[in-house]
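> Quick one: the structure is below, and I'll ask about it shortly.
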Amino acid sequence: VSYAGKAIGFAPATMANLSARVSGAGVTLGAEAHHAGRIYVDNTESEANSIAPRTTFDLSLSAARGIAGARAEATLRVLNATDVRYATGGWMDYDENGNYGPLLLPAAPRNWQFGLRVDW
């Protein structure tokens, strides 16, 4: 078996990130895009043993203001805002029925994070 000229397994063929922020009057709005190309979960470069390319988007909103001599900032983030269902990685193994094939790890669906920072 020759793997010459084949993609490297377990790594995306391409990766790209893009982010933008807009701020004014103590409020910041942000957006991020994350792209990962096809990931092969073995060294045969078979699409059946791979994870499809995907692009996800994150959004953020933060507000800051002074409170009683301190500075407070609240941030809300929405990760995977478009709720893309995809796998983050995987490997080849036998499943519960004894069939050899790819076992893939699912990514988190849309989720929310809230943060509060106070400096005094």
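Every read-out reported here was derived from the displayed coordinates using simple, explicitly stated rules and does not represent laboratory data. From a predicted model like this one, the values you see are computed outputs, not experimental measurements. Backbone-built Cβ (ideal geometry, glycine too); neighbour counts: all protein chains shown.
> How big is the chain by the Kirkwood estimate over distinct Cα pairs, in Å?
About 17.3 Å for the chain.
> Net charge near residue 50: determine it from the other residues with C-beta under 11 Å of the C-beta of residue 50, scoring Lys and Arg +1 and Asp and Glu -1.
Charge balance near residue 50 sits at -2.
> What percent does the relative contact order of the chain come to when contacts are Cα pairs within less than 8 Å and at least six residues apart?
21 percent
> Provide the packing ranking of 85-94, 62-71, i.e. peptides ordered by the mean count of other C-beta atoms within 10 Å per residue, highest first.
Ranking the peptides 85-94, 62-71 by packing returns 85-94, 62-71.
> To continue, here is another question. How much net charge surrounds residue 114 when only other residues with a Cβ under 13 Å from its Cβ are counted (Lys, Arg +1; Asp, Glu -1)?
Every neighbour counted, the sum reads +1.
> Using 0.36 nm per residue of separation minus the Cα-Cα distance, give me the extension gain between residue 35 and residue 67 in nm, one decimal.
Fully extending the segment from residue 35 to residue 67 adds 7.6 nm.
> Here is a follow-up. What is the magnitude of the charge dipole of the chain about its Cα centre, with +1 placed on the Cβ of each Lys and Arg, -1 on the Cβ of each Asp and Glu, and no other charges, expressed in debye to the nearest 20?
The calculated dipole for the chain is roughly 640 debye.
> I would also like to ask the following. Whole-Hz ³J(HN,Hα) for each residue in the stretch 14-23, computed from phi via Karplus 6.51 cos²θ - 1.76 cosθ + 1.60 with θ = phi - 60°, x for glycine and proline: what do you get?
Along the stretch 14-23, the couplings run 9, 9, 8, 9, 9, 9, 9, 9, 10, 10 Hz.
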